[in-house]
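The values are calculated or read from the model by the stated rules, or taken from the named source; none is laboratory data. No experiment lies behind these values; they were computed from the predicted model shown. Virtual Cβ from ideal backbone geometry, glycine too; neighbours counted across all protein chains shown. Ligands, DNA and RNA are stripped out before the accessible areas are found, and what is left, the full protein with its side chains, is counted by its heavy atoms. Shrake-Rupley method; radii C 1.70, N 1.55, O 1.52, S 1.80 Å.
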Amino acid sequence: MAELSDRVVAFLSEGTRTGMLGFVASDGRPLVTPVWFVVDNGELVFTTGRDTSKGRAIQRDPRIVICVDDPHPPYSFVQVQGVANVTDDQQDVLDIATRTGGRYMGADRAEEFGRRNAVPEEVVVRLRPTKVIAAFDISD
């Protein structure tokens, strides 16, 4: 297992940077979709619908990647490759949905988004890193 350095965690956790999740469709096509995520105990964690295309794909093949970038000079990015673990534990879903809601919508709306997204159809996806590629301050 690869570990997230303190610098990588700080970069991934800054502001409202959206992760670009890469996964493989059932017909073999590579797909990318944005996800709201948090870093939790060295893993990138997000919620998704169990029966969405990404939910089904991750259950079929848990190898995924998330890439996060800073599109402003001096430009940086982090790519985390790994293996996903999916759980439908409703307390975990509520916790992660609330934390991501707070991160992306503000602390005052965290509970609202947590309750809205913590439904039985939602699952928590935990990306355990196997490889981390990071490039900071590329244009300097």
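Do the sum for the chain: with -39,500 (n - 2.57) for every DSSP H run of n ≥ 4, divided by all residues, what is the mean residue ellipticity at 222 nm, to the nearest 500 deg cm²/dmol?
-8500 deg cm²/dmol
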Seminar exercise, completed: Burial-style ranking of 75-81, 10-16, 50-56, 60-66, average other-beta-carbon count within 10 Å with highest first, yields 75-81, 60-66, 50-56, 10-16
For this session: Using the Cα centre as the reference, give the magnitude of the dipole from point charges on the C-beta atoms of region 2-140 (Lys, Arg: +1; Asp, Glu: -1; all else neutral), rounded to the nearest 20 debye.
Result: 400
For this session: Could you work out the local net charge near Thr33, counting Lys and Arg as +1, Asp and Glu as -1, over the other residues with Cβ closer than 14 Å to its Cβ?
Result: +3
Exercise. Given a cut-off of under 8 Å on Cα pairs at least six residues apart, what relative contact order in percent is computed for the chain?
Worked result: 30
Exercise. Tell me, what is the per residue accessible area of the chain in Å², probe radius 1.4 Å?
Worked result: 54
